[in-house]
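Working notes for the structure below.
The values are calculated or read from the model by the stated rules, or taken from the named source; none is laboratory data. Computed from a predicted structure; not experimentally measured. Here the Cβ positions follow ideal geometry from the backbone for every residue, glycine too, while neighbour counts run over all protein chains shown.
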């Protein structure tokens, strides 16, 4: 058993970027305050000193501008990592991502490739109120032409970037803001790259399948712990990839447990949870012993006050209650 | 500071009003920084300390009926506009008695009574909105100015170009006030703008513009009065660039790696109060004891605001979905 | 595991597969098939029991060594020492 | 108060011996609860109640043999017409939940695969029939091998299997005699090259953990079921002078009991089962036959039967048809035989399959068609 190191999610992101830039000179980082400031979440602290202003590019507050430029640079043969500080600001560059990055390959008849990686922080839970607390992964997971991943563990945060950079197509990486301080183990020595195609079972169980991703994994595991005491054992499935969904593994788990609960910080209507629930109905209908349950964010702009924000977001107890409901307990 | 300022009545009473407002903002925000440390205020907190002269000076030149669109660094603007300190503090606590029922927090203070359309947290997000408010007023023949505050960082956003162009194209009554404090979060102006003379952007839309010392409240009031009279005369939008400086970090999470301590010290020497207080005393408009009196009144106001916020009730969880959409009975 | 313990384990596995044989004496050298009409399905269930009880992974080609009591004991004993 | 009578469990079952009462006087009864175990010619079978209520008293005691329809016990259901019972019936809550009966898809599938009628499954208080209810109804199957045998659902009911082997032999003898008398058997046989099957099985089993390995019986049974689909004249029942083909295929698997005796419980919808599911059912079936715990439904309706002699036995077997079925397929041992392959002779693994058919329902051509499609299926085991 080779040794492991305990680092934070933030360290993992930084190491991944650093390694990528050391291994491939086409890779560079661009985004607001990624240089001098060291990154809004301090993920690029120290990179400016090591790689210089050419490859660690602070940008003006021009999301559409610099994201479009990153897509253009990828088109031009570079492998840019564009950091859109949070998904909230990505609404300003949605056009560049959807109409350019996602479309160019197909629209050019396969001539053009856009190997750009766009990293965004996402999610609520830190009382930043409505405009800074969005969870819109499903908007991007809806768009053909994009790959969308959500590293929920330190190991994935360390390993997904390099794989994403090798991908000839645009990859959006969602990093939930509450995860940056989380600690986790990564192998002492490389290679650290992990796949971005498969979901992972983070906990084994037979009575129900709880499907989640990104920032909701921890609260889902806590719910599974609580349920274990009521001897309800749950498969906890970490999607890891939001487009394409690892439908095969989702259906395999539901076929085993006959019950499914989906935890998704997006708003319920039009959510990723809705899409997964439909796929379960289509692929595992005859194995269902109860309707699929969805635990999503209440359909309201995220309120600032702590107790209101908590009431709006999926909770450990809410997840456990949904599982009990599928078991009619 | 100059000896005289056109259009500004240099009475003792007016000087006291300006001093009172600037000191209220300063002490209020110092209290906020303290309360943030005690976890009474959470989320983001962007302090305005050092820039008080801008909000106070501009508000003096606006009518109660004019529209205000601000940014997430908005406590000064809200207080200078007249939102009660107690309601602003309650909002910072997230209480239901807050100006936005505790839903907006520090970045989203709202008050329909004051036509204060709130802080906007997406940089330059408010600019197109302000253009729209002015468009509505023009179409309805209202004699109203819409004043839109933003930082120099917004100049790099697409919406900045689009909003200024529309306002100029349709000659709309918008006062664009760019509070240029030299830093967009962690990026110094010269590292984010090819041309750091922000007000010159306005020329490309044939929009009249001028620069003013954002540390001199009277200069700000003077420049704003001139701009607003032109707007009200139907000459179209006006662009004011207030050169100023924030003495505190961008927000509470900021280690300020991007600027030197000395630079801050330098600007503090030219702080709005550091200049205004001796000037008013020398002009015999105010005395040292007046300032002590003001400090006493402000201390009381801030203490009352904190007490009010502490005692105010939380919003009941049952109201979580209230006002997401307009309730049926409210629909006319 | 001693030979006696292995013998006990194999016997218990056999009786679990064929409860109606409980208590019968097992001739160690004679094949189960001849003594007790154990068919291929019983043999498979029996081998799964041995695998679960001892953790020894038994490839199909070794099945022929497991048709008598003594065969099982010596095969499992060797495999347990080896692993 | 209503009488609980001995239910009929099979066309040719006229009486049974009570082996054991599962429910005692005073026990509460839910729809689908197992009330008693009775010994029939086909083995010990659990009988259940479809009435809810309380078991008042037994009429027949263990060991007594009674004809079908005989009153075994009395159940108080608390419904109208309960004038004999003195105390007032338990007050039925006025707004008795008229929840509509809702069966979950998984419950339907489980019932179908186990060959039980979903309508017999009891609904929970919320009107829902879920997996747990169906599984309870099916009665806990013997735990798959490897788990403690003693731990069946209701230890109290764990009795030495009440198999009366002598009675069993007599019953089989009578059935065989009747079959021989009444059914004009014809026999059609052919040898099938099973080398492809054997090699496929070897490679497949190498990849699998011990517990998941397959026996050739499983693909053989599945192939036979698929072949029956293409020879409908062999799949069904001959009753009241006419042949009734069956749209579904429940292949009975003749399973020898140690010490003599033969049972052929059915694998339901065998043609739709995957080889793995088929193997799992087979292992479950054999384990339960060994312990005498066979479900009533399984005994009653195989649409055809297959008898597999197995390794080191004999080359061919021409078995006797189980009435009212119209076919039984006898498979000899797989032996190494000289075989002509593209003009050259080489050793191949060969199995002789004999179709014994009922001439009233079909003729040799149908049997031959069956044998050819069986051969075809066995040459592509991976597709099964």
Among the residues of segment C:33-54 satisfying the criterion of being within 7 Å of chain D (Cβ to nearest Cβ) and either more than 16 Å from residue D:285 (Cα to Cα) or not in a helix (DSSP H, G or I) (or both), which is nearest to the chain's Cα centre (by Cα)? C:47
Unmet criterion (only one of (1) within 24 Å of residue A:134 (Cα to Cα); (2) not in a helix (DSSP H, G or I)) for residue A:95: (2)
For segment B:41-105, give me every one of the helices (runs of 4 or more DSSP H) that falls completely inside it and has 2 or more residues that are farther than 25 Å from residue B:249 by Cα. B:52-61
Here the residues within segment D:192-212 that are at pLDDT 85 or above, in contact with a helix residue (DSSP H, G or I) (Cβ under 6 Å, 6 or more places away or on another chain) and either within 14 Å of another protein chain (Cβ to nearest Cβ) or more than 30 Å from residue D:326 (Cα to Cα) (or both) are D:200, D:205
Any chance residue B:132 is free of Cβ contacts under 8 Å to residues at least 24 places away in the same chain, out of contact with any helix residue (DSSP H, G or I) (no Cβ under 6 Å at 6 or more places or on another chain) and assigned to a loop (DSSP other than H, G, I, E, B): no
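Of the residues that make up segment D:339-357, is at least one within 16 Å of the chain's Cα centre (by Cα) and more than 12 Å from residue D:224 (Cβ to Cβ)? Spell out the reasoning first.
Step one: filter segment D:339-357 for residues within 16 Å of the chain's Cα centre (by Cα), giving none.
There is no residue in segment D:339-357 that is within 16 Å of the chain's Cα centre (by Cα) and more than 12 Å from residue D:224 (Cβ to Cβ).
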How about segment B:279-318: which of its residues are outside any loop (DSSP other than H, G, I, E, B), within 11 Å of chain A (Cβ to nearest Cβ) and in contact with a helix residue (DSSP H, G or I) (Cβ under 8 Å, 6 or more places away or on another chain)? B:317
The number of residues in segment D:16-74 that are in contact (Cβ under 8 Å) with a residue 60 or more places away in the chain, assigned to a loop (DSSP other than H, G, I, E, B) and over 22 Å from residue D:138 (Cβ atoms) is 4
Which of the residues spanning segment B:108-129 are surrounded by 24 or more Cβ atoms within 10 Å (Cβ to Cβ) and in contact with a helix residue (DSSP H, G or I) (Cβ under 6 Å, 6 or more places away or on another chain)? B:109, B:119, B:120, B:121, B:123, B:124, B:127
Residues A:295, A:263: which one is closer than 18 Å to residue A:241 by Cα, buried (at least 23 other Cβ atoms within 10 Å of the Cβ) and either touching a helix residue (DSSP H, G or I) at 6+ places or on another chain (Cβ under 9 Å) or within 14 Å of another protein chain (Cβ to nearest Cβ) (or both)? A:263
Any residue in segment A:149-166 that is touching a residue at least 12 places away in the same chain (Cβ under 8 Å), farther than 26 Å from residue B:107 by Cα and part of a strand (DSSP E or B)? yes
Number of the exception - residue A:279 against (1) more than 14 Å from chain B (Cβ to nearest Cβ); (2) farther than 21 Å from residue A:241 by Cα: (2)
Test for residue D:37: is it crowded, with 17+ Cβ neighbours inside 10 Å and modelled with pLDDT of 70 or more: yes
For segment C:56-83: of the residues being more than 21 Å from residue C:18 (Cβ to Cβ) and without any contact (Cβ under 8 Å) to a residue 12 or more places away in the chain, which is nearest to the chain's Cα centre (by Cα)? C:74
Out of (1) more than 10 Å from chain D (Cβ to nearest Cβ); (2) modelled with pLDDT of 85 or more; (3) exposed (fewer than 15 other Cβ atoms within 10 Å of the Cβ), the odd one out for residue C:24 is which? (2)
From the options A:311, A:305, residue that is farther than 29 Å from residue D:135 by Cα, within 14 Å of chain B (Cβ to nearest Cβ), modelled with pLDDT of 95 or more and touching a helix residue (DSSP H, G or I) at 6+ places or on another chain (Cβ under 6 Å): A:311
Could you pull out the residue among B:137, B:143 that is assigned to a loop (DSSP other than H, G, I, E, B), over 26 Å from residue B:33 (Cα atoms) and either touching a helix residue (DSSP H, G or I) at 6+ places or on another chain (Cβ under 8 Å) or more than 12 Å from chain A (Cβ to nearest Cβ) (or both)? B:143
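Would you point out the residue of segment D:151-168, among those that are in contact with a strand residue (DSSP E or B) (Cβ under 9 Å, 6 or more places away or on another chain) and either surrounded by 15 or more Cβ atoms within 10 Å (Cβ to Cβ) or at pLDDT 70 or above (or both), that is farthest from residue D:262 (Cα to Cα)? Give the derivation first.
Here is the first cut: in segment D:151-168, the ones in contact with a strand residue (DSSP E or B) (Cβ under 9 Å, 6 or more places away or on another chain) are D:154, D:157, D:159, D:161-164, D:167-168.
Of the ones still in play, those that are also either surrounded by 15 or more Cβ atoms within 10 Å (Cβ to Cβ) or at pLDDT 70 or above (or both) are D:157, D:161-164, D:167-168.
Working: D:157: 24, D:161: 15, D:162: 15, D:163: 12, D:164: 13, D:167: 12, D:168: 8 Å.
Out of the qualifying residues, it is D:157.
For (1) farther than 13 Å from residue D:328 by Cα; (2) surrounded by fewer than 23 Cβ atoms within 10 Å (Cβ to Cβ); (3) more than 15 Å from the chain's Cα centre (by Cα), each residue gets a yes or a no:
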{"residue": "D:233", "(1), (2), (3)": "no, yes, yes"}
{"residue": "D:241", "(1), (2), (3)": "yes, yes, yes"}
{"residue": "D:247", "(1), (2), (3)": "yes, yes, yes"}
{"residue": "D:262", "(1), (2), (3)": "yes, yes, no"}
{"residue": "D:265", "(1), (2), (3)": "yes, no, no"}
{"residue": "D:276", "(1), (2), (3)": "yes, yes, yes"}
{"residue": "D:279", "(1), (2), (3)": "yes, yes, no"}
Return the pair list, or none, for Cβ contacts closer than 7 Å from residues in segment B:274-301 that are without any contact (Cβ under 8 Å) to a residue 24 or more places away in the chain to residues that are outside any helix (DSSP H, G or I), at least 6 apart or on different chains. B:281/B:287
Considering each residue of segment A:274-292, count those that are closer than 14 Å to residue D:107 by Cβ and surrounded by fewer than 16 Cβ atoms within 10 Å (Cβ to Cβ), and give that number. 3
Tally the residues that are touching a helix residue (DSSP H, G or I) at 6+ places or on another chain (Cβ under 7 Å) and either more than 9 Å from every other protein chain (Cβ to nearest Cβ) or modelled with pLDDT of 95 or more (or both), restricting the search to segment A:51-73. 6
Kindly evaluate residue D:146 against the criterion of being at pLDDT 80 or above, on the phi > 0 side of the Ramachandran plot and under 24 Å from the mean Cα position of the chain (by Cα). no
Only one of these is under 25 Å from residue B:151 (Cα atoms), in contact with a strand residue (DSSP E or B) (Cβ under 8 Å, 6 or more places away or on another chain) and surrounded by fewer than 20 Cβ atoms within 10 Å (Cβ to Cβ): A:36, A:26. Name it. A:36
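Okay, residues lined up against (1) at positive phi; (2) surrounded by fewer than 15 Cβ atoms within 10 Å (Cβ to Cβ); (3) within 23 Å of the chain's Cα centre (by Cα):
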| site | (1), (2), (3) |
| --- | --- |
| B:249 | no, no, yes |
| B:256 | yes, yes, yes |
| B:283 | no, yes, no |
| B:298 | no, no, yes |
| B:302 | no, no, yes |
| B:306 | no, no, yes |
| B:311 | no, yes, no |
| B:318 | no, yes, no |
Select from segment B:220-234 the residues that are touching a strand residue (DSSP E or B) at 6+ places or on another chain (Cβ under 7 Å) and surrounded by fewer than 20 Cβ atoms within 10 Å (Cβ to Cβ) and list them in ascending order. B:230
